[in-house]
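Below is one structure, written out as structure tokens; the observations come after it.
The values are calculated or read from the model by the stated rules, or taken from the named source; none is laboratory data. All values reported here derive from a predicted model rather than from experimental measurement. A quick note on method: Cβ atoms are made from the backbone with ideal geometry, for glycine too, and the neighbour counts reach across all protein chains shown. With ligands, DNA and RNA removed, areas are computed over all heavy atoms of the protein, side chains included. Shrake-Rupley method; radii C 1.70, N 1.55, O 1.52, S 1.80 Å.
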Amino acid sequence: MKTPHRPSSIRSRRSRIAAVTVAAGAALALAAPGIGHAVQEDGEGVGVRAKLSHSQATAKFESAGITWSSSGGCSDRNKPNCTSFDQVNSATVDGVITLKSASGCGIRLTGGTETGHADGTYSHWNGYKVDFGLSECLNNYIQGTFTSIGGSKWQSGSGNIYYKEGNHWDVTYHNCGGCIAAEQAAG
């Protein structure tokens, strides 16, 4: 004869196994480049693969003390001399915030999702890339912390690519780089 507690203990064990499996999957997703953004959420419950409007992105940047500039003094996504963050990935915004928090450096963004950049899946237009100005602090942090992969490119531990293109950094965010922004918002 079975005891009435056995089914609940089995259910409890199954629940613990399910919880461990979900946690392990999330940890794997964070460690694997390009995968983490598919399952993580930022501190406001917005999926990090979500697209942000220009005003949503700039509000997050302002809150983190990140500045931006535009050679045309505008934010129209369809004009190449503007700097727009319309349709930027939330993971990209959080990646910039994570870099600022981890490096302690000021960041001045000079390019976002506006037209005029190279095409491709992981492009500016598709919300994966931003440009920011060079600074001694950022140069030292990126080149001293991340792994050189040749051709003036460095790769972070989370798989994001930092390409030093003459007068700026061209950065591809496959994920939020550890999501310091989400941790700070939540805690």
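Just a few scattered comments:
- For the stretch 77-98, filtered to residues that are open to solvent by less than 60 Å² (accessible area, probe 1.4 Å) and not in a helix (DSSP H, G or I), the residue that is farthest from residue 137 (Cα to Cα) is 77.
- Pairs with Cβ under 8 Å, 6+ apart, first in the stretch 89-110 and under 15 Å from residue 162 (Cα atoms) and without any contact (Cβ under 8 Å) to a residue 60 or more places away in the chain, second assigned to a helix (DSSP H, G or I) and polar (S, T, N, Q): 103/145
- Strands (runs of 3 or more DSSP E) contained entirely in the stretch 99-184, each with at least 2 residues that are farther than 21 Å from residue 63 by Cα and open to solvent by less than 40 Å² (accessible area, probe 1.4 Å): 161-165, 168-172
- Considering only residues in the stretch 65-76 that are assigned to a loop (DSSP other than H, G, I, E, B) and open to solvent by 50 Å² or more (accessible area, probe 1.4 Å), the one that is farthest from residue 116 (Cα to Cα) turns out to be 73.
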